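The values are calculated or read from the model by the stated rules, or taken from the named source; none is laboratory data. No experiment lies behind these values; they were computed from the predicted model shown. Note that we place each Cβ from the backbone using ideal geometry, even for glycine, and neighbour counts take in every protein chain shown.
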Amino acid sequence: MNDLLPGDIETWQHVEKLARDMFGRFGYGEIRTPMVEDTALFVRSVGEETDIVGKEMYTFEDKGGRSLSLRPEGTAPSARAYIEHSILNQEPVTRWFYIGPMFRYERMKTGRYRQFFQIGAEAYGAKEPAQDAEIMDMVAQFLSALGLKDVTLNLNSLGDEACRPAYHAKLVEYLQAHRAEVCAECQARMDRNPLRVLDCKNEKCQAIAAAGPNVLDFLCEPCRAHFGDLQRKLTALGIPFVVNSRLVRGLDYYTRTVFEFVAAHPALGTASTVGGGGRYDTMMKGLGGPDVPAVGFAMGLDRLVLLLKETGQAFGAPVDLFVAVADEGSHDAGLALASRLRREGLHVAFDTRGGSLKSQMKRADKTGARFTLVLGEAERSSGKANLKPMAGGDPIPVALDAVAQALRALPSAS
Ligand code: AMP
(Lines give C-alpha, C1' and ligand atoms only; values in the text may rest on other atoms or scores of the structure.)
Protein backbone atom coordinates (compact mmCIF):
# COMPACT_ATOMS: atom_id res chain seq x y z
CA MET A 1 0.00 0.00 0.00
CA ASN A 2 1.36 3.38 -0.91
CA ASP A 3 1.39 6.86 0.51
CA LEU A 4 0.72 9.44 -2.16
CA LEU A 5 2.52 12.70 -1.51
CA PRO A 6 2.71 16.13 -3.14
CA GLY A 7 5.00 15.84 -6.11
CA ASP A 8 3.17 12.67 -7.22
CA ILE A 9 -0.38 13.61 -6.38
CA GLU A 10 -0.56 16.23 -9.13
CA THR A 11 -0.22 13.50 -11.77
CA TRP A 12 -2.94 11.48 -10.04
CA GLN A 13 -5.22 14.51 -9.97
CA HIS A 14 -4.54 15.19 -13.62
CA VAL A 15 -5.56 11.64 -14.58
CA GLU A 16 -8.67 11.79 -12.39
CA LYS A 17 -9.72 15.16 -13.81
CA LEU A 18 -9.30 13.91 -17.35
CA ALA A 19 -11.34 10.78 -16.57
CA ARG A 20 -14.17 12.84 -15.05
CA ASP A 21 -14.18 15.12 -18.07
CA MET A 22 -14.03 12.32 -20.66
CA PHE A 23 -16.60 10.07 -18.99
CA GLY A 24 -18.89 13.05 -18.57
CA ARG A 25 -18.76 13.61 -22.33
CA PHE A 26 -20.09 10.08 -22.80
CA GLY A 27 -22.92 10.61 -20.30
CA TYR A 28 -21.49 8.67 -17.37
CA GLY A 29 -22.36 9.90 -13.86
CA GLU A 30 -20.01 9.37 -10.91
CA ILE A 31 -20.93 6.97 -8.09
CA ARG A 32 -19.16 6.43 -4.77
CA THR A 33 -19.96 3.19 -2.97
CA PRO A 34 -18.65 2.08 0.45
CA MET A 35 -15.23 0.49 0.72
CA VAL A 36 -16.63 -2.52 2.55
CA GLU A 37 -19.40 -4.82 1.42
CA ASP A 38 -20.88 -8.12 2.53
CA THR A 39 -18.40 -10.84 1.64
CA ALA A 40 -21.24 -12.78 0.00
CA LEU A 41 -21.59 -10.08 -2.68
CA PHE A 42 -18.15 -10.88 -4.10
CA VAL A 43 -18.51 -14.63 -3.65
CA ARG A 44 -21.74 -14.59 -5.66
CA SER A 45 -20.56 -12.29 -8.45
CA VAL A 46 -16.79 -12.48 -8.87
CA GLY A 47 -16.86 -16.20 -7.99
CA GLU A 48 -15.52 -18.32 -5.19
CA GLU A 49 -12.99 -20.09 -7.41
CA THR A 50 -11.28 -16.93 -8.65
CA ASP A 51 -7.94 -15.82 -7.22
CA ILE A 52 -9.54 -12.57 -6.11
CA VAL A 53 -12.17 -14.16 -3.90
CA GLY A 54 -10.37 -17.40 -3.10
CA LYS A 55 -7.03 -15.91 -2.06
CA GLU A 56 -6.88 -12.14 -2.15
CA MET A 57 -9.74 -10.61 -0.18
CA TYR A 58 -9.29 -8.76 3.09
CA THR A 59 -12.18 -10.39 4.94
CA PHE A 60 -13.12 -9.80 8.57
CA GLU A 61 -15.99 -10.16 10.98
CA ASP A 62 -17.52 -6.95 12.34
CA LYS A 63 -18.86 -6.50 15.88
CA GLY A 64 -22.26 -7.74 14.73
CA GLY A 65 -20.75 -11.02 13.56
CA ARG A 66 -21.21 -10.22 9.84
CA SER A 67 -18.55 -11.26 7.33
CA LEU A 68 -17.39 -8.13 5.50
CA SER A 69 -14.68 -7.61 2.88
CA LEU A 70 -12.72 -4.63 1.68
CA ARG A 71 -13.85 -4.31 -1.93
CA PRO A 72 -11.43 -6.02 -4.34
CA GLU A 73 -13.15 -4.51 -7.41
CA GLY A 74 -15.88 -2.08 -8.34
CA THR A 75 -18.32 -3.93 -10.61
CA ALA A 76 -20.09 -5.95 -7.91
CA PRO A 77 -20.59 -2.95 -5.57
CA SER A 78 -22.00 -0.92 -8.49
CA ALA A 79 -24.41 -3.74 -9.34
CA ARG A 80 -25.43 -3.95 -5.69
CA ALA A 81 -26.15 -0.21 -5.66
CA TYR A 82 -28.05 -0.45 -8.96
CA ILE A 83 -30.31 -3.13 -7.48
CA GLU A 84 -30.67 -1.47 -4.08
CA HIS A 85 -31.79 1.85 -5.58
CA SER A 86 -34.15 0.24 -8.14
CA ILE A 87 -32.45 2.17 -10.92
CA LEU A 88 -34.15 0.15 -13.66
CA ASN A 89 -37.50 1.62 -12.57
CA GLN A 90 -36.10 5.08 -13.21
CA GLU A 91 -34.41 4.69 -16.60
CA PRO A 92 -33.79 1.91 -19.13
CA VAL A 93 -30.10 2.63 -19.73
CA THR A 94 -27.73 3.80 -16.99
CA ARG A 95 -24.10 4.85 -17.28
CA TRP A 96 -21.97 5.10 -14.15
CA PHE A 97 -18.28 5.54 -13.39
CA TYR A 98 -16.24 5.36 -10.21
CA ILE A 99 -12.74 6.26 -9.02
CA GLY A 100 -11.43 4.78 -5.79
CA PRO A 101 -9.24 2.35 -3.88
CA MET A 102 -9.54 -1.43 -4.20
CA PHE A 103 -7.88 -4.01 -1.95
CA ARG A 104 -6.31 -7.34 -2.87
CA TYR A 105 -3.85 -9.40 -0.88
CA GLU A 106 -1.56 -9.99 -3.87
CA ARG A 107 2.03 -11.02 -4.28
CA MET A 108 4.32 -8.01 -4.57
CA LYS A 109 5.41 -7.10 -8.10
CA THR A 110 6.07 -3.95 -10.13
CA GLY A 111 2.81 -2.09 -10.55
CA ARG A 112 0.91 -4.48 -8.30
CA TYR A 113 -0.19 -3.26 -4.89
CA ARG A 114 -2.48 -4.34 -2.09
CA GLN A 115 -4.32 -1.05 -2.09
CA PHE A 116 -4.58 0.24 -5.62
CA PHE A 117 -6.90 2.64 -7.36
CA GLN A 118 -9.23 1.89 -10.20
CA ILE A 119 -11.13 4.10 -12.58
CA GLY A 120 -14.03 2.09 -13.90
CA ALA A 121 -17.33 2.45 -15.70
CA GLU A 122 -20.44 0.35 -16.13
CA ALA A 123 -23.25 0.67 -18.69
CA TYR A 124 -26.48 -1.08 -17.73
CA GLY A 125 -29.46 -1.90 -19.91
CA ALA A 126 -28.06 -2.29 -23.44
CA LYS A 127 -27.14 -5.72 -24.77
CA GLU A 128 -26.24 -4.41 -28.23
CA PRO A 129 -22.64 -4.47 -29.50
CA ALA A 130 -22.88 -0.68 -29.96
CA GLN A 131 -22.69 -0.36 -26.17
CA ASP A 132 -19.50 -2.46 -26.04
CA ALA A 133 -18.03 -0.37 -28.86
CA GLU A 134 -19.01 2.89 -27.18
CA ILE A 135 -17.36 1.99 -23.88
CA MET A 136 -14.13 0.91 -25.66
CA ASP A 137 -14.22 4.16 -27.63
CA MET A 138 -14.41 6.02 -24.32
CA VAL A 139 -11.33 4.20 -22.94
CA ALA A 140 -9.44 4.72 -26.20
CA GLN A 141 -10.25 8.45 -26.25
CA PHE A 142 -9.27 8.74 -22.59
CA LEU A 143 -5.89 7.03 -23.10
CA SER A 144 -5.20 9.13 -26.15
CA ALA A 145 -6.14 12.34 -24.29
CA LEU A 146 -3.65 11.28 -21.60
CA GLY A 147 -1.02 11.14 -24.34
CA LEU A 148 -0.45 7.39 -24.01
CA LYS A 149 0.54 5.81 -27.27
CA ASP A 150 1.48 2.19 -27.98
CA VAL A 151 -1.56 0.81 -26.21
CA THR A 152 -3.18 -2.18 -27.93
CA LEU A 153 -6.81 -3.21 -27.56
CA ASN A 154 -7.15 -6.99 -27.22
CA LEU A 155 -10.57 -8.44 -27.85
CA ASN A 156 -12.29 -11.78 -27.39
CA SER A 157 -15.69 -13.37 -26.91
CA LEU A 158 -16.31 -15.99 -24.26
CA GLY A 159 -19.77 -16.95 -25.50
CA ASP A 160 -22.81 -17.22 -23.26
CA GLU A 161 -24.66 -19.83 -21.24
CA ALA A 162 -25.83 -21.49 -24.46
CA CYS A 163 -22.42 -22.14 -26.00
CA ARG A 164 -19.87 -21.84 -23.20
CA PRO A 165 -20.56 -25.23 -21.51
CA ALA A 166 -19.53 -27.17 -24.63
CA TYR A 167 -16.29 -25.18 -24.89
CA HIS A 168 -15.65 -25.57 -21.19
CA ALA A 169 -16.06 -29.35 -21.37
CA LYS A 170 -13.74 -29.59 -24.38
CA LEU A 171 -11.11 -27.42 -22.71
CA VAL A 172 -11.14 -29.49 -19.50
CA GLU A 173 -10.84 -32.69 -21.53
CA TYR A 174 -7.88 -31.24 -23.46
CA LEU A 175 -6.14 -29.90 -20.35
CA GLN A 176 -6.57 -33.18 -18.49
CA ALA A 177 -4.73 -34.90 -21.32
CA HIS A 178 -1.83 -32.45 -20.83
CA ARG A 179 -1.93 -32.30 -17.03
CA ALA A 180 1.68 -33.44 -16.61
CA GLU A 181 3.02 -30.72 -18.95
CA VAL A 182 1.62 -27.57 -17.30
CA CYS A 183 2.92 -25.73 -14.22
CA ALA A 184 1.76 -26.70 -10.72
CA GLU A 185 -0.45 -23.64 -10.49
CA CYS A 186 -2.21 -24.54 -13.74
CA GLN A 187 -2.75 -28.07 -12.50
CA ALA A 188 -4.72 -26.59 -9.63
CA ARG A 189 -6.48 -24.08 -11.94
CA MET A 190 -7.53 -26.91 -14.21
CA ASP A 191 -9.84 -28.25 -11.51
CA ARG A 192 -11.03 -24.93 -10.08
CA ASN A 193 -11.12 -22.50 -12.97
CA PRO A 194 -9.83 -24.01 -16.23
CA LEU A 195 -10.24 -20.80 -18.25
CA ARG A 196 -7.46 -19.25 -16.14
CA VAL A 197 -4.92 -21.65 -17.65
CA LEU A 198 -5.30 -19.65 -20.87
CA ASP A 199 -3.73 -16.54 -19.41
CA CYS A 200 -0.90 -18.20 -17.46
CA LYS A 201 2.35 -16.33 -18.09
CA ASN A 202 4.44 -19.54 -18.18
CA GLU A 203 5.67 -20.12 -21.76
CA LYS A 204 5.04 -23.84 -21.71
CA CYS A 205 1.50 -23.38 -20.44
CA GLN A 206 0.98 -20.73 -23.13
CA ALA A 207 2.11 -23.14 -25.86
CA ILE A 208 -0.23 -25.83 -24.57
CA ALA A 209 -3.13 -23.40 -24.31
CA ALA A 210 -2.47 -22.12 -27.85
CA ALA A 211 -2.72 -25.63 -29.28
CA GLY A 212 -5.96 -26.34 -27.42
CA PRO A 213 -9.59 -25.72 -28.38
CA ASN A 214 -10.34 -22.16 -29.50
CA VAL A 215 -13.27 -20.50 -27.76
CA LEU A 216 -14.24 -18.67 -30.95
CA ASP A 217 -14.89 -22.00 -32.73
CA PHE A 218 -17.56 -22.78 -30.15
CA LEU A 219 -19.60 -19.57 -30.31
CA CYS A 220 -23.30 -20.07 -31.00
CA GLU A 221 -24.87 -18.05 -33.83
CA PRO A 222 -26.13 -15.11 -31.68
CA CYS A 223 -22.74 -14.80 -29.94
CA ARG A 224 -20.90 -14.99 -33.26
CA ALA A 225 -23.14 -12.28 -34.72
CA HIS A 226 -22.64 -10.08 -31.63
CA PHE A 227 -18.85 -10.43 -31.84
CA GLY A 228 -18.80 -9.80 -35.61
CA ASP A 229 -20.94 -6.70 -35.28
CA LEU A 230 -18.75 -5.36 -32.47
CA GLN A 231 -15.65 -5.71 -34.65
CA ARG A 232 -17.36 -3.91 -37.54
CA LYS A 233 -18.36 -1.08 -35.22
CA LEU A 234 -14.85 -0.70 -33.80
CA THR A 235 -13.45 -0.58 -37.32
CA ALA A 236 -16.01 2.05 -38.30
CA LEU A 237 -15.03 4.11 -35.24
CA GLY A 238 -11.36 3.84 -36.26
CA ILE A 239 -10.34 1.93 -33.14
CA PRO A 240 -7.62 -0.63 -33.91
CA PHE A 241 -7.90 -3.97 -32.11
CA VAL A 242 -6.42 -7.45 -32.08
CA VAL A 243 -8.59 -10.55 -31.64
CA ASN A 244 -6.93 -12.69 -28.98
CA SER A 245 -8.84 -15.92 -28.41
CA ARG A 246 -6.81 -16.69 -25.29
CA LEU A 247 -7.95 -13.57 -23.46
CA VAL A 248 -10.26 -14.67 -20.65
CA ARG A 249 -9.64 -12.34 -17.66
CA GLY A 250 -9.76 -13.61 -14.12
CA LEU A 251 -13.36 -13.08 -13.08
CA ASP A 252 -16.29 -15.46 -13.43
CA TYR A 253 -18.99 -13.05 -14.43
CA TYR A 254 -18.12 -12.28 -18.05
CA THR A 255 -20.35 -13.29 -20.95
CA ARG A 256 -19.53 -12.65 -24.62
CA THR A 257 -17.18 -9.65 -24.94
CA VAL A 258 -13.96 -9.36 -22.96
CA PHE A 259 -11.24 -6.82 -23.69
CA GLU A 260 -7.97 -5.46 -22.37
CA PHE A 261 -5.85 -2.41 -23.13
CA VAL A 262 -2.19 -3.42 -22.99
CA ALA A 263 0.70 -0.95 -23.00
CA ALA A 264 3.92 -1.80 -24.79
CA HIS A 265 6.15 -0.58 -22.03
CA PRO A 266 8.96 -2.68 -20.60
CA ALA A 267 9.11 -0.80 -17.28
CA LEU A 268 5.75 -2.21 -16.31
CA GLY A 269 6.80 -5.82 -16.90
CA THR A 270 3.86 -8.14 -16.39
CA ALA A 271 1.83 -5.19 -15.14
CA SER A 272 1.44 -3.80 -18.64
CA THR A 273 -2.33 -4.29 -18.75
CA VAL A 274 -3.62 -0.85 -17.98
CA GLY A 275 -7.24 -1.86 -17.95
CA GLY A 276 -9.83 -4.25 -19.13
CA GLY A 277 -13.40 -5.31 -18.90
CA GLY A 278 -16.24 -7.03 -20.60
CA ARG A 279 -19.89 -7.84 -20.78
CA TYR A 280 -21.71 -9.46 -17.88
CA ASP A 281 -25.31 -10.01 -18.93
CA THR A 282 -26.27 -12.47 -16.17
CA MET A 283 -24.63 -11.00 -13.07
CA MET A 284 -27.45 -8.69 -12.03
CA LYS A 285 -30.02 -11.49 -12.10
CA GLY A 286 -27.60 -13.77 -10.26
CA LEU A 287 -27.43 -11.21 -7.47
CA GLY A 288 -31.22 -11.25 -7.12
CA GLY A 289 -31.77 -8.12 -9.24
CA PRO A 290 -33.58 -7.52 -12.52
CA ASP A 291 -32.54 -9.18 -15.77
CA VAL A 292 -30.37 -6.34 -17.02
CA PRO A 293 -27.45 -6.73 -19.43
CA ALA A 294 -24.28 -4.80 -18.63
CA VAL A 295 -20.81 -4.03 -19.91
CA GLY A 296 -17.98 -2.35 -18.03
CA PHE A 297 -14.27 -1.93 -17.52
CA ALA A 298 -11.70 -0.91 -14.92
CA MET A 299 -8.29 0.70 -15.33
CA GLY A 300 -5.48 0.76 -12.82
CA LEU A 301 -4.81 4.37 -11.84
CA ASP A 302 -1.46 3.46 -10.23
CA ARG A 303 -0.30 1.98 -13.53
CA LEU A 304 -1.50 4.91 -15.60
CA VAL A 305 0.54 7.22 -13.36
CA LEU A 306 3.57 4.92 -13.69
CA LEU A 307 3.22 5.00 -17.45
CA LEU A 308 2.90 8.77 -17.55
CA LYS A 309 6.07 9.09 -15.50
CA GLU A 310 7.86 6.59 -17.73
CA THR A 311 6.94 8.65 -20.77
CA GLY A 312 8.03 11.87 -19.08
CA GLN A 313 4.56 13.29 -18.57
CA ALA A 314 4.46 13.72 -14.79
CA PHE A 315 2.98 16.94 -13.45
CA GLY A 316 4.21 19.32 -10.76
CA ALA A 317 2.27 21.59 -8.46
CA PRO A 318 1.42 24.79 -10.32
CA VAL A 319 2.96 27.86 -8.72
CA ASP A 320 2.27 31.08 -10.60
CA LEU A 321 4.36 33.40 -8.51
CA PHE A 322 6.93 33.46 -5.70
CA VAL A 323 6.79 36.64 -3.63
CA ALA A 324 10.26 37.41 -2.22
CA VAL A 325 11.18 40.30 0.06
CA ALA A 326 14.37 42.37 -0.25
CA ASP A 327 14.48 43.47 3.41
CA GLU A 328 13.01 42.59 6.79
CA GLY A 329 10.85 45.75 6.77
CA SER A 330 8.98 44.48 3.66
CA HIS A 331 8.07 41.08 5.12
CA ASP A 332 4.59 42.07 6.35
CA ALA A 333 3.85 43.75 3.01
CA GLY A 334 5.02 40.55 1.22
CA LEU A 335 2.72 38.39 3.35
CA ALA A 336 -0.18 40.76 2.61
CA LEU A 337 0.56 40.79 -1.15
CA ALA A 338 0.68 36.97 -1.28
CA SER A 339 -2.61 36.83 0.66
CA ARG A 340 -4.34 39.24 -1.71
CA LEU A 341 -3.11 37.42 -4.85
CA ARG A 342 -4.31 34.09 -3.45
CA ARG A 343 -7.73 35.64 -2.80
CA GLU A 344 -7.64 36.71 -6.44
CA GLY A 345 -7.14 33.07 -7.46
CA LEU A 346 -3.39 32.75 -8.05
CA HIS A 347 -1.12 29.98 -6.75
CA VAL A 348 1.42 31.94 -4.75
CA ALA A 349 4.44 30.80 -2.72
CA PHE A 350 5.98 32.92 0.05
CA ASP A 351 8.76 32.12 2.51
CA THR A 352 7.19 32.74 5.93
CA ARG A 353 10.62 32.44 7.54
CA GLY A 354 11.97 35.53 5.80
CA GLY A 355 15.76 35.24 5.49
CA SER A 356 18.19 36.53 2.88
CA LEU A 357 17.02 37.28 -0.66
CA LYS A 358 19.47 34.65 -1.90
CA SER A 359 17.88 31.91 0.21
CA GLN A 360 14.41 33.03 -0.88
CA MET A 361 15.44 32.83 -4.54
CA LYS A 362 16.64 29.28 -3.92
CA ARG A 363 13.20 28.46 -2.48
CA ALA A 364 11.59 30.06 -5.53
CA ASP A 365 13.57 27.69 -7.77
CA LYS A 366 12.53 24.69 -5.68
CA THR A 367 8.83 25.53 -5.84
CA GLY A 368 8.96 25.64 -9.63
CA ALA A 369 7.29 29.06 -9.64
CA ARG A 370 6.90 30.58 -13.09
CA PHE A 371 7.67 34.11 -11.89
CA THR A 372 9.24 35.79 -8.90
CA LEU A 373 8.42 39.27 -7.65
CA VAL A 374 10.89 40.94 -5.29
CA LEU A 375 9.29 43.41 -2.90
CA GLY A 376 11.52 46.00 -1.20
CA GLU A 377 11.31 49.55 0.01
CA ALA A 378 11.57 50.95 -3.55
CA GLU A 379 8.69 48.80 -4.83
CA ARG A 380 6.51 49.62 -1.85
CA SER A 381 6.97 53.37 -2.24
CA SER A 382 6.60 53.41 -6.06
CA GLY A 383 3.77 50.80 -6.18
CA LYS A 384 5.64 49.15 -9.06
CA ALA A 385 7.66 45.93 -9.30
CA ASN A 386 9.05 43.44 -11.80
CA LEU A 387 7.88 39.92 -12.65
CA LYS A 388 11.04 37.88 -13.19
CA PRO A 389 10.42 34.85 -15.44
CA MET A 390 12.16 31.92 -13.71
CA ALA A 391 12.77 30.19 -17.04
CA GLY A 392 14.80 33.22 -18.17
CA GLY A 393 13.87 36.29 -20.21
CA ASP A 394 13.33 39.98 -19.58
CA PRO A 395 11.63 41.21 -16.39
CA ILE A 396 8.07 42.40 -16.91
CA PRO A 397 7.13 45.65 -15.11
CA VAL A 398 3.81 45.57 -13.23
CA ALA A 399 1.81 47.80 -10.90
CA LEU A 400 1.53 46.15 -7.46
CA ASP A 401 -2.24 46.54 -7.51
CA ALA A 402 -2.53 44.79 -10.91
CA VAL A 403 -0.26 41.74 -10.50
CA ALA A 404 -3.05 39.17 -10.93
CA GLN A 405 -4.30 40.82 -14.15
CA ALA A 406 -0.76 41.00 -15.52
CA LEU A 407 -0.06 37.34 -14.75
CA ARG A 408 -3.36 36.24 -16.25
CA ALA A 409 -2.55 38.09 -19.44
CA LEU A 410 0.57 35.93 -19.77
CA PRO A 411 0.18 32.46 -21.26
CA SER A 412 -0.94 29.55 -18.98
CA ALA A 413 -1.23 31.28 -15.59
CA SER A 414 -4.15 29.99 -13.47
P1 AMP B 1 -9.01 -6.37 -12.86
O2 AMP B 1 -10.08 -5.83 -11.94
O3 AMP B 1 -8.20 -7.43 -12.22
O4 AMP B 1 -9.49 -6.70 -14.20
O5 AMP B 1 -7.98 -5.17 -13.05
C6 AMP B 1 -8.21 -4.06 -13.86
C7 AMP B 1 -7.00 -3.19 -13.84
O8 AMP B 1 -6.75 -2.75 -12.50
C9 AMP B 1 -5.72 -3.90 -14.23
O10 AMP B 1 -5.55 -3.90 -15.60
C11 AMP B 1 -4.67 -3.06 -13.53
O12 AMP B 1 -4.35 -1.94 -14.30
C13 AMP B 1 -5.37 -2.67 -12.26
N14 AMP B 1 -4.98 -3.56 -11.15
C15 AMP B 1 -5.50 -4.76 -10.82
N16 AMP B 1 -4.91 -5.26 -9.74
C17 AMP B 1 -3.96 -4.38 -9.36
C18 AMP B 1 -3.01 -4.30 -8.29
N19 AMP B 1 -2.91 -5.25 -7.37
N20 AMP B 1 -2.20 -3.22 -8.24
C21 AMP B 1 -2.29 -2.23 -9.14
N22 AMP B 1 -3.17 -2.24 -10.15
C23 AMP B 1 -4.01 -3.28 -10.27
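Checked against (1) away from the ligand (no atom under 14 Å from the Cβ); (2) touching a residue at least 12 places away in the same chain (Cβ under 8 Å); (3) surrounded by fewer than 16 Cβ atoms within 10 Å (Cβ to Cβ), Asp62 meets all criteria but (2).
Kindly indicate whether any position in the stretch 74-90 is among the acidic types (Asp, Glu) and touching a residue at least 40 places away in the same chain (Cβ under 8 Å). Scanning the stretch 74-90, I find no residue that is among the acidic types (Asp, Glu) and touching a residue at least 40 places away in the same chain (Cβ under 8 Å), so the answer is no.
If you check Ala236 against the conditions, is it in contact (Cβ under 8 Å) with a residue 24 or more places away in the chain, out of contact with any Cys (no Cβ under 8 Å at 6 or more places or on another chain) and hydrophobic (A, V, I, L, M, F, W, C)?
No, not satisfied.
Scanning the stretch 209-259 for residues that are within 16 Å of Lys127 (Cα to Cα), of a type in the set (S, T, N, Q) and within 16 Å of the ligand (Cβ to nearest atom) turns up Thr255, Thr257. Residue pairs whose Cβ atoms lie under 7 Å apart, separated by 6 or more positions or on different chains, with the first residue in the stretch 296-321 and touching a residue at least 60 places away in the same chain (Cβ under 8 Å) and the second more than 16 Å from the ligand (Cβ to nearest atom) and part of a helix (DSSP H, G or I), are Phe315/Glu10; Phe315/His14; Gly316/Glu10; Ala317/Glu10; Asp320/Leu407; Leu321/Leu341; Leu321/Leu407. Residues in the stretch 365-414 that are of a type in the set (Asp, Glu) and under 23 Å from Glu328 (Cβ atoms): Asp365, Glu377, Glu379. Can you work out which of the residues in the stretch 346-386 that are farther than 20 Å from Ile396 by Cα and of a type outside the set (S, T, N, Q) is surrounded by the most Cβ atoms within 10 Å (Cβ to Cβ)? The selected residue is Asp351. Among helices (runs of 4 or more DSSP H) entirely within the stretch 261-357, having at least 3 residues that are of a type outside the set (Phe, Trp, Tyr) and more than 16 Å from the ligand (Cβ to nearest atom) singles out 283-286, 331-343. Here is a check on your reading of the model: is Leu70 farther than 24 Å from Arg279 by Cβ and surrounded by 14 or more Cβ atoms within 10 Å (Cβ to Cβ)? Against the criterion (farther than 24 Å from Arg279 by Cβ and surrounded by 14 or more Cβ atoms within 10 Å (Cβ to Cβ)), Leu70 qualifies. Scanning the stretch 131-167 for residues that are away from the ligand (no atom under 16 Å from the Cβ) and either assigned to a strand (DSSP E or B) or not charged (D, E, K, R) (or both) yields a count of 13. Checked against (1) surrounded by fewer than 17 Cβ atoms within 10 Å (Cβ to Cβ); (2) of a type outside the set (D, E, K, R); (3) free of Cβ contacts under 8 Å to residues at least 40 places away in the same chain, His331 meets all criteria but (1). Any residue at all in the stretch 189-206 that's outside any helix (DSSP H, G or I), among the basic types (Lys, Arg) and surrounded by fewer than 16 Cβ atoms within 10 Å (Cβ to Cβ)? Scanning the stretch 189-206, I find at least one residue that is outside any helix (DSSP H, G or I), among the basic types (Lys, Arg) and surrounded by fewer than 16 Cβ atoms within 10 Å (Cβ to Cβ), so the answer is yes. Kindly indicate the residue of the stretch 88-130 that is hydroxyl-bearing (Ser, Thr, Tyr) and farther than 15 Å from Pro72 by Cβ and also nearest to the ligand (Cβ to nearest atom) among those meeting that condition. This residue is Thr110. Among the residues of the stretch 28-44, none qualifies, meaning not one is surrounded by fewer than 17 Cβ atoms within 10 Å (Cβ to Cβ), among the polar types (S, T, N, Q) and more than 16 Å from the ligand (Cβ to nearest atom). The single residue among Arg112, Arg95, Arg80, Arg107 that is modelled with pLDDT under 95, among the charged types (D, E, K, R) and crowded, with 16+ Cβ neighbours inside 10 Å turns out to be Arg112.
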